[in-house]
Amino acid sequence: MNLFHFQNPISDPVIAFTILLFIFLFFPLISKRLRIPGIIGLLIAGIIIGPHGFNLISKESGISMFGTVGLLYLMFIAALEINMRDFKRFRSHSIAFGAFTFFFPLILGFIVTHYIFKLPLYSALLYSSIFSTHTLVSYPIVVKYGIARHRTTSITVGGTIITDTGVLLLLTIITSLAANNAQWYFWIELLLRFVVFLLVVLYVFPIISKWFLKNLHGDNGLQYISVLFMVFLAALLAQALDIEPLIGAFFAGLALNKLIPHTSPLMNRIMFIGHNLFVPFFIISIGMLIDLSLFFTNIQSLIFAASILVVAVFTKFLAAWVLRKLFHYSAEEQNLIFGLSTSHAAATIAVVVVGYEIGLFDESIMNSTIILIFVSCMVSSFITEKAAQRLSAHLTDKRKTLSPIKEDRILVPVSNPNNLKYLIDFSIILKKSSKEIPIYPLTVISDPKKAQSMMDSFHKKVETYMVDAASTEHVLHPVVKRDISVVSGILSAASQNHITRIIIGWNGKITTSNYFLGTLLENLVRKANQMIVVIKLNKPLEDFDKISVYITNDAEYEPGFFESIDSIMTLSDHIRVNPVFHGSDETLKQVKMITDSKHGDTYGTFEVSNKWKEMQKGPTEITDDELTFTILARPMSIKFSSDIDKVTKIFSKYYSKFSFGIIYPAVDEATTQIN
């Protein structure tokens, strides 16, 4: 076969796929060089290779199918990335934005299309609904800047599903009215279909998915396939019930949201494959619809397109502006909401194609819509890129004012190799620094006779978990120390590797010797100046429904207090629950200042109490679904009290059956030297 003589469009799948991979690889690089959003580069690539460009590849060659897959995948990961804790907290914000972004464009669009351009009633009403739609084409941009879980993103995604659901339901209604099929029972049937869909997806699907994920544990490939199967099963169910499939994919993401940890290998695979393969297919498929010649050949279409473009962009800006004034958002947050909600693609295409097929729209309206899609996607990409960049920089600067960012280096001492996995998983969740900086699993060998067997066992275990760590792009660097004292071995490894945080499993067994000489934990706490996190888990982190944090009085004066609270926030973000903080009024004021810097002023629940005193008498309200953390001062710290020195004995006596964590904030070296 001669590679340099082929027909257009290309029918050879090898050549076609090679061209697509070339686009996926080089167009984002070129876009970055030209300082334009990568999405714009992919849209332009779609125009170039599409039927209105060089006609290199036909949509029927698989682009259409993978484009649809990419759209459903995009809706799924948008729902999967929603911080449900924030979504519940800002539910009223999402509902308000969904109402604004649905009704403002619908009303103004109807006035323009019906009274100015004289479209018939049903045609004007259906076309006006196009202005209400928005597709999260620019969503990969907020992921790139690390603000996918920011409240404005959650609010916009929530508003997206409200307005797109409203538009697609309106499409169903108008289609039936136009065909004179809207009998009296139509409304009841429509409501019943939607209720059945929600009940199955939100209540049955999580049970099935949980079974798959549990029984396929350890086989990440099959776990991924099971998730993908549930997504498309939800889309198929929606389609069978005459609901748009993208709504099915979105609600599948909501149903699986709690089941897939944010930092897990499974989530890494979902995001990696989606953002690097399926979503680019979707964006290119949109570009292939665009015919730039329409800008120059049909003046009537151009005037209509310009008018609807102004209406579409202005009303989305108006919705974001009113939301900002109502809930006191910053300018960057307003622009991010505006940018994300400006692009029109998926639901727009669905509405206009159906309208064209049933005779409500003609070809000029179709052409004008394609222009709307192209320009709105460009405007959305540029505005989102700029807003996300500023918001990300602002959040970073705000955190720096409270605590300077340090290179996070985590040491994980292990005495029982069977505990290594959950300690490594826990460390990956808490780790703040670059993924290139390794996590250091450590074993200290104090018995020379067992040295070789212990080393072999340790390295074998670490090698097993290196694969899982690598799937989340983290690195493990095993450390072995020979020392007659385990504490001395830990301190030596911490010093040599510049460790900032030590994470150890709980071993609260009280023997006669450590009753008088102190446990390993007590001795380590007295001699190490790094933050120490002790953790005991009876089940996977994702199964906890509540995090309670008990803070001793004046613990806020410890040098590492900010990092301690930040660790709690990172953990609560992972399992997507709101923590409840207990402490004195002064302590909680400092905690709230820290939480506000990261999540805004509605994060967490604060209860003024002296729960630490009550905890010393034994558990009263703790449940199996609750993860309890206690933040304590160090011995010889200026805020240390003798009660805190009894922590090992208290937890061993009263809390051995529960899951809990103990955090000792970092201190300066002077404190440990005094010890």
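The values are calculated or read from the model by the stated rules, or taken from the named source; none is laboratory data. Remember, it's a predicted structure, so these values are computed and weren't measured experimentally. No Cβ is skipped: glycine too gets one built from the backbone with ideal geometry, and neighbour counts run over all protein chains shown.
Condition check: touching a Ser or Thr at 6+ places or on another chain (Cβ under 9 Å) and either at pLDDT below 80 or outside any helix (DSSP H, G or I) (or both). Does I155 satisfy that? It would help to see each step written out before you state the result.
Numbers: touching a Ser or Thr at 6+ places or on another chain (Cβ under 9 Å): yes; either at pLDDT below 80 or outside any helix (DSSP H, G or I) (or both): no.
When the stated conditions are applied, I155 does not pass them.
Residues of region 546-577 being surrounded by fewer than 19 Cβ atoms within 10 Å (Cβ to Cβ) and of a type in the set (S, T, N, Q), which ones?
The answer is N553, T570.
Looking only at region 544-551, decide whether some residue is assigned to a helix (DSSP H, G or I) and at pLDDT below 85.
Checking region 544-551: not a single residue is assigned to a helix (DSSP H, G or I) and at pLDDT below 85.
Applying the selection to region 373-390, what residues are crowded, with 24+ Cβ neighbours inside 10 Å and farther than 14 Å from I39 by Cβ?
Listed by number, the list holds a single entry, A387.
Just for region 466-498: of the residues that are in contact with a helix residue (DSSP H, G or I) (Cβ under 8 Å, 6 or more places away or on another chain) and assigned to a helix (DSSP H, G or I), which one is surrounded by the most Cβ atoms within 10 Å (Cβ to Cβ)?
Step one: list which residues in region 466-498 are in contact with a helix residue (DSSP H, G or I) (Cβ under 8 Å, 6 or more places away or on another chain), which gives 468-469, 471-476, 478-483, 486-487, 490-491.
Then keep just the ones that are assigned to a helix (DSSP H, G or I); that gives 468-469, 471, 486-487, 490-491.
On the way: D468: 18, A469: 21, S471: 15, V486: 19, V487: 20, I490: 27, L491: 23.
Applying the filter and picking the extreme gives I490.
Of everything in region 93-120 that's under 13 Å from S154 (Cβ atoms) and out of contact with any Leu (no Cβ under 9 Å at 6 or more places or on another chain), which residue is surrounded by the fewest Cβ atoms within 10 Å (Cβ to Cβ)?
Restricting to residues being under 13 Å from S154 (Cβ atoms) and out of contact with any Leu (no Cβ under 9 Å at 6 or more places or on another chain), the top hit is I95.
Among the residues of region 465-487, which ones are free of Cβ contacts under 8 Å to residues at least 12 places away in the same chain and either in the same structural domain as F651 (by TED's automatic domain parsing) or more than 15 Å from K431 (Cα to Cα) (or both)?
Those that are free of Cβ contacts under 8 Å to residues at least 12 places away in the same chain and either in the same structural domain as F651 (by TED's automatic domain parsing) or more than 15 Å from K431 (Cα to Cα) (or both): M466, V467.
Select, from I82, I130, I77, the only residue that is among the β-branched types (V, I, T), part of a loop (DSSP other than H, G, I, E, B), in contact with a helix residue (DSSP H, G or I) (Cβ under 6 Å, 6 or more places away or on another chain) and within 23 Å of A345 (Cβ to Cβ).
Within the list I82, I130, I77, the selection yields I82.
Would you check if P28 is part of a loop (DSSP other than H, G, I, E, B), out of contact with any strand residue (DSSP E or B) (no Cβ under 7 Å at 6 or more places or on another chain) and surrounded by 15 or more Cβ atoms within 10 Å (Cβ to Cβ)?
no
Looking at region 581-606, which of its residues are buried (at least 16 other Cβ atoms within 10 Å of the Cβ) and at pLDDT 80 or above? Steps first, answer last, please.
So the first thing to find is which residues in region 581-606 are buried (at least 16 other Cβ atoms within 10 Å of the Cβ), and the list is 581-584, 587-588, 590-592, 594-595, 597-600, 603-604, 606.
Passing the criteria: F581, H582, G583, S584, T587, L588, Q590, V591, K592, I594, T595, F606.
If we only count helices (runs of 4 or more DSSP H) wholly inside region 267-380, which ones have 3 or more residues that are of a type in the set (A, V, I, L, M, F, W, C) and farther than 19 Å from T156 by Cα?
So the answer is 279-287, 294-297, 299-327, 346-357.
Among the numbered conditions (1) hydroxyl-bearing (S, T, Y); (2) surrounded by fewer than 24 Cβ atoms within 10 Å (Cβ to Cβ); (3) in contact (Cβ under 8 Å) with a residue 60 or more places away in the chain, tell me where S176 comes up short.
For S176, the failing item is (3).
From the list V167, V201, exactly one residue is at pLDDT below 85, surrounded by 22 or more Cβ atoms within 10 Å (Cβ to Cβ), in contact with a helix residue (DSSP H, G or I) (Cβ under 9 Å, 6 or more places away or on another chain) and not in a loop (DSSP other than H, G, I, E, B). Which is it?
Details: V201 fails: at pLDDT below 85.
Checking each option against the conditions leaves just V167.
Can you name the number of the only condition in (1) modelled with pLDDT of 75 or more; (2) of a type in the set (K, R); (3) more than 16 Å from H477 (Cα to Cα) that K431 fails?
Of everything listed in (1) modelled with pLDDT of 75 or more; (2) of a type in the set (K, R); (3) more than 16 Å from H477 (Cα to Cα), K431 misses just condition (3).
Taking the stated definitions as given, is L71 touching a Phe, Trp or Tyr at 6+ places or on another chain (Cβ under 8 Å), hydrophobic (A, V, I, L, M, F, W, C) and closer than 22 Å to L289 by Cβ?
Working: touching a Phe, Trp or Tyr at 6+ places or on another chain (Cβ under 8 Å): yes; hydrophobic (A, V, I, L, M, F, W, C): yes; closer than 22 Å to L289 by Cβ: yes.
When the stated conditions are applied, L71 passes them.
Answer yes if at least one residue in region 174-197 is in a loop (DSSP other than H, G, I, E, B), over 29 Å from A124 (Cβ atoms) and in contact with a helix residue (DSSP H, G or I) (Cβ under 9 Å, 6 or more places away or on another chain), and no otherwise.
Within region 174-197, not a single residue is in a loop (DSSP other than H, G, I, E, B), over 29 Å from A124 (Cβ atoms) and in contact with a helix residue (DSSP H, G or I) (Cβ under 9 Å, 6 or more places away or on another chain).
Can you pull out the residues in region 188-197 that are touching a residue at least 12 places away in the same chain (Cβ under 8 Å) and exposed (fewer than 14 other Cβ atoms within 10 Å of the Cβ)?
V196
For region 126-163, how many residues are in contact with a Leu (Cβ under 8 Å, 6 or more places away or on another chain), among the hydrophobic types (A, V, I, L, M, F, W, C) and surrounded by fewer than 24 Cβ atoms within 10 Å (Cβ to Cβ)?
1
Among the listed residues I44, I57, which satisfies the condition of being over 24 Å from the mean Cα position of the chain (by Cα), outside the structural domain of A148 (by TED's automatic domain parsing) and part of a helix (DSSP H, G or I)?
I44
Can you tell which of F90, F76 is touching a residue at least 40 places away in the same chain (Cβ under 8 Å), surrounded by fewer than 23 Cβ atoms within 10 Å (Cβ to Cβ) and not aliphatic (A, V, I, L, M)?
When all the criteria are applied, what remains is F90.
Confirm whether Y73 is hydroxyl-bearing (S, T, Y) and over 28 Å from S364 (Cα atoms).
Yes: the conditions hold for Y73.
Conditions tested, residue by residue: (1) modelled with pLDDT of 90 or more; (2) surrounded by 16 or more Cβ atoms within 10 Å (Cβ to Cβ); (3) farther than 19 Å from G98 by Cβ.
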site	(1), (2), (3)
I283	no, yes, yes
Q300	no, no, yes
V310	yes, no, yes
F317	yes, yes, no
S330	no, no, yes
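Has region 482-505 got at least one residue that is at pLDDT below 70 and within 24 Å of I410 (Cβ to Cβ)?
no
This table checks each residue for (1) under 25 Å from the mean Cα position of the chain (by Cα); (2) modelled with pLDDT of 75 or more.
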site	(1), (2)
I383	yes, yes
R390	yes, yes
L402	yes, no
L420	no, yes
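Among (1) in contact (Cβ under 8 Å) with a residue 12 or more places away in the chain; (2) among the polar types (S, T, N, Q); (3) part of a helix (DSSP H, G or I), which single condition is Q239 missing?
Status for Q239: all satisfied but (1).
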